[in-house]
Every structure is written in structure tokens, then in C-alpha cells.
């Protein structure tokens, strides 16, 4: 659903950009300065909100996205290591079983 909305928005933006009136408007330095200023303000607001959310999450003892990502990554590493260790233990166990079978099957003299 979101992909369809993004695609439709992109198609509309491309149609809009091909309009000569829009091209003329975008060539005006005042308009470009206003757009640039808008992006700067957007970034400042976003940083402010993210900072406040981080502070709130810390005060509520919640995990941030970065911390969750780090925890997930570490957990994946641990799972891989445990899997490797299990495989090694199984391999060693099989070798011991084979040795025991050989010893018990050898005739005693």
C-alpha cells in the first residue's frame, strides 16, 4: 500500500516538474531560498523532537532504536556462536562413539 502511494506521489511530482510554470517558479531565487529554509527548519524540528523522545525514553527506562539494533546484532552473533559450538560438540561426541564402538568390537586376546 505504502509503495503504491509513494509511486503515485512520485508520478505526480514528475508531472508537476514538467510544467513550465513550476520550472519558472523554481528558477526564482526567493522560492529556492524559501525551500532551502523549509528543509533546514524541518531538520531542526526533527532533531529537537528526536532529542526530546530520547530524553523521555531514557527517563522511562526504554530502549532506543539504536540500542535495540545493537542488542539484536549481538544476539545474532551469540546464536551463531552457540550453533557453531553445538556442531563441534556433536562432532566430538560422534568421534567418541565411533572410538568406543571400535574398542568394544576388537577381539580380546
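The values are calculated or read from the model by the stated rules, or taken from the named source; none is laboratory data. Note that the coordinates shown come from a computational prediction; the quantities given were computed from them, not determined experimentally. No Cβ is skipped: glycine too gets one built from the backbone with ideal geometry, and neighbour counts run over all protein chains shown.
Tell me, please, whether a residue that is assigned to a helix (DSSP H, G or I), touching a helix residue (DSSP H, G or I) at 6+ places or on another chain (Cβ under 9 Å) and either at pLDDT below 90 or surrounded by 10 or more Cβ atoms within 10 Å (Cβ to Cβ) (or both) can be found in region 10-20.
yes
Of the numbered conditions (1) over 33 Å from the mean Cα position of the chain (by Cα); (2) at positive phi, residue 61 fails exactly one; give the number of that condition.
(1)
Against the definition (assigned to a helix (DSSP H, G or I) and surrounded by fewer than 10 Cβ atoms within 10 Å (Cβ to Cβ)), how does residue 32 come out, yes or no?
Judged against the criteria, residue 32 is not a match.
With the structure loaded, tell me whether residue 38 is assigned by TED's automatic domain parsing to the domain that holds residue 12 and either at pLDDT 90 or above or under 30 Å from residue 12 (Cβ atoms) (or both) or whether it fails that test.
In short, yes.
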